[in-house]
Structure formats: structure tokens, C-alpha cells
Amino acid sequence: MKPVVISTWKHGIDANKAAYDILSKGGNSLDAVENGVKVSEDDPTVLSVGYGGLPDADGRVTLDAAIMDWKARVGSVICVENIKNPISLARLILENTEHMVLAGDGAYDYALKNGFKPQNLMTENSLKRYNDWKVSNKKGPEEIHTDDFILKKTKKEINEDGNHDTIGMVAVDKNGHVSASCTTSGMAWKLHGRVGDSPMIGSGLYVDGEVGGAASTGRGEECIRAVGSFLIVEMMRMGLSPKEACRVAVQRVVKLNLLSSKNRDHIFQVGFIALNNKGEHGAYSVRSGFQYAVFENGKNTLYDSEFLIDEEYIIEDL
Ligand code: SD4
């Protein structure tokens with residue numbers, strides 16, 4: 001079964017290829033999850049990650065990324081601009097510093113001191129979409145983001161839309177060592193300085209070498225308050241399968257959303273993926289439309305995730 005790599009959304013297919021290439025040659029999972037998600041960071045057609053990621057309300061492309069390995073080593077960058085591969089910056093923090101998280105200008109300065117080249121990450125397409133949003137936007141920026149946009153579409157349209165979302169990746173190598181990565185430009189049109197779940201250890205991703213790892217995508221605010229990825233790993237530790245553990249986290253996300261007076265709605269997506277150190281994997285999401293890519297036994301496959309909403313009993317049962 002091992003090695004295995006899993007990642008979020010359709011663009012995970014290409015990212016998985018790069019990761020599996022490393023794993024199948026005997027490489028370790030940390031190298032795999034860094035180089036895997038870099039494929040999405042480099043791809044201007046992926047509108048929620050790296051180069052070509054949609055900007056915030058001020059027209060600034062701000063990136064978040066984090067990486068974690070089976071030895072509980074962590075690197076994370078928050079709200080960094082003009083660096084195309086924040087995941088490699090996160091890896092550098094993991095390898096070279098006594099810290100775990102660098103933010104904003106400090107992260108940027110550290111990148112330049114270590115050989116990263118500054119680059120404008122706005123593409124013609126993302127600039128056009130930003131300008132269109134500015135003209136059409138009637139609501140405050142915090143109420144408009146890619147997930148709401150996606151969820152206004154039909155299920156069919158959601159599944160045909162290859163232009164979303166954050167990439168989260170979890171891999172296990174031939175030695176059973178698990179690592180995870182997560183990288184994003186966050187919600188489109190977010191308030192400047194807003195940070196989502198992706199760079200937050202425990203929310204956007206988590207790994208425990210004795211158990212496995214998990215990663216998330218979707219509306220980060222909902223995942224942060226559930227500390228979703230940590231919860232999944234702990235559920236797997238207690239014996240749940242990766243899919244069952246993801247389902248528990250999705251239930252928690254919905255429960256906490258219902259409790260909150262401010263965001264009492266279900267018009268959002270959160271999806272989780274999980275992989276244990278035996279190579280078993282699973283996913284679950286709040287709503288339909290979430291897909292995840294799995295490369296195992298030499299085959300790269302895109303799966304539709306099971307989802308919670310439409311299971312009406314769950315609201316009362318929580
Ligand atoms: C965030 N979770 O910044 C990321 C964005 C995302 O679907 O995954 N959108 O909240």
C-alpha cells in the first residue's frame with residue numbers, strides 16, 4: 001500500500017504526481033509534500049494558491065502556508081506577499097530556525113535573505129477578476145469569497161469547476177513516515193491581514209507520527225474554531241478510520257457554526273482529508289462538490305468526497 005499521497009481538489013492530481021515521483025523513488029514524505037504542492041503554487045490557473053491566487057480586498061495577494069512532519073517539526077508562514085512558493089519558505093523555517101511561524105514583512109525579509117526572489121503574483125486574469133469584483137461588489141468584502149461563490153452553483157457546476165481551492169496534502173512514505181502541507185491565497189477579497197486555517201497547526205493541517213495526518217480546505221474560520229485537523233488525528237488515534245475521523249470533524253464544524261450567533265448559516269464548504277501511517281485514507285466535507293486526489297499503488301485517482309449536509313438528522317443529533 002505505501003507509499004501513498006492524498007491532496008485536496010482536482011488540482012491535487014498534478015500535485016500528487018510530483019509527490020509520488022519522489023515517494024516511489026524512496027524519497028521521504030516531507031520532500032514529497034513540499035514539492036507536491038509547489039506544482040499548484042506555480043500554476044496560474046489555480047486561483048486559490050500561489051502565483052495567480054486571487055487578491056484581498058485591497059488588491060494584494062497574501063499567501064499562507066504550513067508544513068509538518070512525523071517528528072512534529074513545523075514551519076508556517078502567514079500573510080506573506082510576493083513570494084511564489086511560501087511552502088518552501090515554511091520548510092526553511094522548519095529546517096533552519098528555532099521558530100515555527102513567521103508573518104508578513106518578517107517572513108518576506110527572511111525569504112529574501114535566503115535566496116528567494118520577489119515576484120508579482122497577480123496575473124492578468126486575477127487582476128481582471130479583482131477589478132470585476134470591485135465594480136460588482138455590493139456586500140462587504142468579508143461576506144464574499146470563493147466558497148460562497150462556488151456554493152451558489154449547482155452540484156454539477158461545482159464538480160466541473162477546476163479553479164478552486166486551497167491545496168492540502170498528506171503523504172506516507174515507504175518507511176511509514178507521514179508529513180502534511182497546506183498552501184493558499186485564502187479567501188478571495190478577504191480583509192487585508194485576514195488569516196485562515198491553512199497556516200495554523202492543528203487547523204489547516206496536523207501530523208502525529210504514531211498515527212497519521214490530516215489537512216483541510218474551505219472556509220478557514222469554520223475550521224479554526226473546530227481545530228479540525230488535530231481533531232481528526234486524535235480520532236484516528238482512538239481507532240476511527242480516516243473517513244470516520246473526517247466525518248467527526250465535519251460534524252464538529254457544523255455544530256460550532258450553529259452555536260455561533262454571527263455565522264449561523266450552512267452556506268459554506270469545509271472539506272477534510274486524512275491518511276494514517278498504514279496508508280489508509282479518507283475524506284469528508286460539509287457540502288457536496290468536494291473532491292480529493294489519491295495516488296497509491298501507481299495509480300492517481302480523483303474521488304468525490306462524502307458530505308454531511310442533506311443528512312437531515314444530523315442537525316438535531318449534534
Ligand atoms: C482559507 N481554507 O484561507 C482557506 C481557503 C480555502 O476554499 O481553502 N478556500 O480559509
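Those helices (runs of 4 or more DSSP H) of the stretch 60-151 in which 3 or more residues are modelled with pLDDT under 95 occupy 124-136, 146-151. Beta carbons closer than 7 Å, at least 6 apart along the sequence or on distinct chains, pair a first residue in the stretch 166-189 that is farther than 18 Å from Val211 by Cβ and open to solvent by 10 Å² or more (accessible area, probe 1.4 Å) with a second that is within 9 Å of the ligand (Cβ to nearest atom) and assigned to a strand (DSSP E or B) for Thr166/Thr8; Thr166/Cys182; Thr166/Thr184; Thr166/Thr217; Gly186/Asp64. Filtered by the rule that a residue be within 9 Å of the ligand (Cβ to nearest atom) and either of a type in the set (Val, Ile, Thr) or open to solvent by 40 Å² or more (accessible area, probe 1.4 Å) (or both), the stretch 195-214 gives a lone residue, Val195.
Each residue in the stretch 11-54 was checked for being assigned to a loop (DSSP other than H, G, I, E, B) and touching a strand residue (DSSP E or B) at 6+ places or on another chain (Cβ under 8 Å), and 7 of them qualify.
Restricted to the stretch 264-301, and to residues there that are hydrophobic (A, V, I, L, M, F, W, C) and closer than 15 Å to Val170 by Cα, the residue that is most open to solvent (accessible area, probe 1.4 Å) is Phe295. Taking every residue in the stretch 208-225 that is at positive phi and pairing it with any residue that is among the β-branched types (Val, Ile, Thr) and within 12 Å of the ligand (Cβ to nearest atom), at least 6 positions away or on another chain, the pairs with Cβ-Cβ distances below 8 Å are Gly218/Thr166; Gly218/Val270; Gly218/Val286.
The values are calculated or read from the model by the stated rules, or taken from the named source; none is laboratory data. As the structure is a computational prediction, the values presented were derived from the model and not from experiment. Please note: Cβ atoms are built from the backbone with ideal geometry, for glycine as well, and neighbour counts cover all protein chains shown. What goes into the accessible areas is simple: the full protein's heavy atoms, side chains included, and nothing from ligands, DNA or RNA. Shrake-Rupley method; radii C 1.70, N 1.55, O 1.52, S 1.80 Å.
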